[in-house]
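S.K.: So that we are looking at the same thing, I have put the structure below in structure tokens.
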Amino acid sequence: MKRLIDPASVFPALASMAGITLFAVLFLHAESQEAVLGLSAGAVVILLLLARFGWNTLAAASFAGHSRTGQGAVVIGVLIIVAAFYDQHFPLLMLATVLLYIVVCLGLNLQFGYAGVVNFAGAAFFGIGCYTAAVLAGHTALPHLLVVLAGGVMAAVIGSLLILPVLRTYGHYAALVTIAFSILFRVFIEVNDALGGPQGMRVPGMEIFGWQLNDSLAFGDIEISFYANYVLLALAMAAVAFMLVRRLERSWIGLNLDAVRLDETACAAFGIDVARWKITAFTLGNFLAGLAGSVYAMMTGFVAPNAFTFGDSLILVSIVILGGIGNPWGLTVAAAIVLMLPEKLQFIQEYRLLLYAGLVILILLFRPGGLMPRQVRNYLPGWKP
Amino acid sequence: MSNTLLACDSLSMRFGGLVALNQLSLSVNAGEILGLIGPNGSGKTTFFNVITGIYQASEGRVDYQGHDLARMSAQEIYRAGVTRTFQRSRLCLPLSIFDNLMIGNHRRLDHGLWFNLIRRDAFRRQFEEQYAKARELVRTFSAPLAERLLEAAGSVNMIDRRRIEICRALISEPTLLLLDEPSAGMTHEETRELMDDILVVREHMPGLSIIIIEHEMNVIERITERCIVLNFGQKICEGPYAAVAADRQVQEAYLGTA
């Protein structure tokens, strides 16, 4: 295929995005279990066939050479999906959820993909953002943009309580600290009546400068689901978080984070402050999780402790591993698969944790780099010596 | 004698009951190449680990340009201009060769959030400047390797990895370079080439002093100006290689008593 199509052209990237968008629309549109299964199986076969003909290296080269256009195509793809389901709540809610989860996973990717700080409390930090929004939006008159910001700051601040034990322990032990925190968080919320206890709390819808995100837009006869508002907001957040993580990776800071993960002794011998970079990654990652959480709470209108279990944290971690540790594009794709598949395939629902566990084991055994393995750092896209 | 760059005064390092360095006193002159030899377990690598801050000395001082290295962290020691290579390679293999060199260049780079995230034009300038510098340094060791800087360090062979490690220690232009058995796992011919390259680099960096731990005695003979022999954490002999090799105590330490 390389002989037919110039890998330097923008065509493979655009064609890939068009294909993915078309598939997403068909997939979200499918009602019967047979249709969903058929589409999923079809997608796997087509992807394997394309890979056989070298399409994925072609598309990767094309994306790398036209990163701006490629990112624009992704945004347009999301907008096309919104247009295709403009009046249906469920697909748009799912789309917004995927985008917010991408923000959380970008944070986790900073933490353990780069700095090597394993965090099994992703859902707890997401939950801190949710509860911050519930309390601040429900009981104060704080502008909602500040509420969202406060959600992120709160997650980062509470996360800093964990910094000392995380810095003082290595590998598995640091992971245990975060597991303990994740369980602690849920128990704390459940027994705390001021935060609604096990029943949870209502959260008012979001309002930005007079724009009520919970109001449906109507143009004449056409009524647009209010979830479209949240999709747009989540899309903007995901895009900014993506750029942030990308730039961080493509800088000396990204190099420091990688060095901290790979060899702490060598780091020390070359003046790299291990604690400083672990704290930076951990705090920034938790901030992103809290940010996404506060928007999620206002979108769903309700928070309850059973949405932030250890199992949910595991799902977040598995998204990063499945996508390819350290690759922001990988986790974007993995988040879409992991969140949408069980929603559409009802019979999977009960077995979803089992399914993820199996998938993660298979990936670690046969493709340790994930679906889209990370490449060597490219500081300036398109730069050649 | 010329002026002293580094002076250890009764330096000791104990691990529980094990005395790895026992009241060691020695000095390194500015600009010299000092060989550090001795049988396995005599405390050579421990000495490196103590003066680079990896271990905290149990007692004693290490005077270096007005600092006491025994009381400083590894990071501070690096910033004061002391760099090293490791006996067992400590490269970050999944990262590119250039990345590994830049780890060694830490003190010359700007690590601010604002600089790295927002001022991408300034970042680009610094990147290009550092890339040219890295390429020039690696070219002294190997021209083909200098064209492969953006490949993963894990994709090159052992000799090139050793070269990268030495370049990583050299790129920040240190005052004192510590080489921990650079010839390990290499043939005589490769070792000879590597030593020639190091001597070439040293000519470009006139102030550079080197301490080298080595078991290849012809390397020591050829490149060092002075040797210190350790045994059981103590200095047993000191002088030019020929004198040291002829010393009875040294022969006993290596071969055992007859």
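S.K.: What percent does the relative contact order of segment B:92-157 come to when contacts are Cα pairs within less than 8 Å and at least six residues apart?
M.R.: Numbers: 43 pairs, mean separation 39.5, N = 66.
About 60 percent, as a whole number.
S.K.: Taking Rh as the Kirkwood radius computed over C-alpha pairs, what is the Stokes-Einstein D of segment B:135-215 at 37 °C in a medium of viscosity 0.692 mPa s, expressed in µm² per second? Could the numbers behind the result be given before it?
M.R.: Values: Rh = 13.1 Å.
The calculation lands on 251 µm²/s.
S.K.: Which of the lysines could be linked to residue B:44 by a straight reach, that is with a Cα gap under 18 Å, when you skip same-chain ones fewer than 8 residues away?
M.R.: B:235
S.K.: In whole Å, what are the extents of chain B along the principal axes defined by its C-alpha atoms, from largest to smallest?
M.R.: Sorted largest first, the three principal extents are 66, 40, 36 Å.
S.K.: If you don't mind, there's one more thing I want to ask. Contour minus end-to-end for residue B:63 and residue B:199, with contour as 0.36 nm per residue of separation and end-to-end as the Cα-Cα distance? Write down the numbers at each step before the final one.
M.R.: Details: separation 136, 0.36 × 136 = 48.96 nm, distance 2.59 nm.
Extra length available between residue B:63 and residue B:199 comes to 46.4 nm.
S.K.: At each listed q (0.06, 0.08 Å⁻¹), what is the log10 of I(q)/I(0) that the Debye formula gives for the protein assembly as shown modelled as equal alpha-carbon point scatterers?
M.R.: One equal scatterer on each Cα of the protein assembly as shown leads to -0.42, -0.69.
S.K.: How far apart, in nm, are two points set 7 Å out from the Cα along the Cα-to-Cβ line at residue A:240 and at residue A:357?
M.R.: So the label points at residue A:240 and residue A:357 sit 3.9 nm apart.
S.K.: Here is a follow-up. Treat each spin label as a single point 7 Å out from the Cα along the C-beta direction, and report the residue B:76 to residue A:264 distance in nm.
M.R.: Distance between label points: 2.0 nm.
S.K.: Averaged over its residues, how many other protein chain Cβ atoms are within 10 Å of peptide A:240-251's Cβ atoms?
M.R.: 2
S.K.: Let me ask you something else. Within straight cross-link reach of residue A:384, meaning Cα distance under 13 Å, which aspartates and glutamates are found once same-chain residues fewer than 8 apart are removed?
M.R.: Cross-link targets: B:128, B:147, B:151.
S.K.: What is segment A:88-366's relative contact order, in percent, from Cα pairs under 8 angstrom and six or more apart in sequence?
M.R.: Relative contact order for segment A:88-366 comes out at 37 percent.
S.K.: Mind checking which of A:284, A:233, A:362 has the largest fluctuation in a GNM of chain A, springs on alpha carbons under 10 Å?
M.R.: A:362
S.K.: Something else: If the chain between residue A:34 and residue A:157 were fully stretched, how many nm would it gain, using 0.36 nm times the residue separation less the Cα-Cα distance?
M.R.: Working it through step by step, the gained length comes to 39.6 nm.
S.K.: If we sort B:3-10, B:31-38, A:301-308 on the protection proxy, mean other Cβ atoms within 10 Å, highest first, what's the order?
M.R.: Order by mean packing, descending: B:31-38, A:301-308, B:3-10.
S.K.: If you don't mind, another one. Run the numbers on segment A:1-75 and let me know its relative contact order in percent, using alpha-carbon pairs under 8 Å that are six or more apart.
M.R.: This gives 62 percent for segment A:1-75.
S.K.: Quick one: which of A:50-57, B:224-231 comes out on top by average Cβ neighbours within 10 Å, and what's the full order, highest first?
M.R.: Averaged packing, sorted descending, gives the order B:224-231, A:50-57.
S.K.: Right, here's the next one. Work out, step by step, the length gained on full extension between residue B:129 and residue B:143: first 0.36 nm times the residue separation, then minus their alpha carbon distance; give nm to one decimal. Let's see the in-between values first.
M.R.: Details: separation 14, 0.36 × 14 = 5.04 nm, distance 1.87 nm.
The span from residue B:129 to residue B:143 would gain 3.2 nm if fully extended.
S.K.: Based on the Cα coordinates of chain A, what is the per residue volume of their convex hull in Å³?
M.R.: Per-residue hull volume (Cα only) is 157 Å³.
Read the figures in this text as sums done on the coordinates, not as results from a lab. Treat the numbers as computed from the prediction; the structure is a model and nothing was measured. Counting neighbours? That spans all protein chains shown, and the Cβs are built from the backbone with ideal geometry, glycine included.
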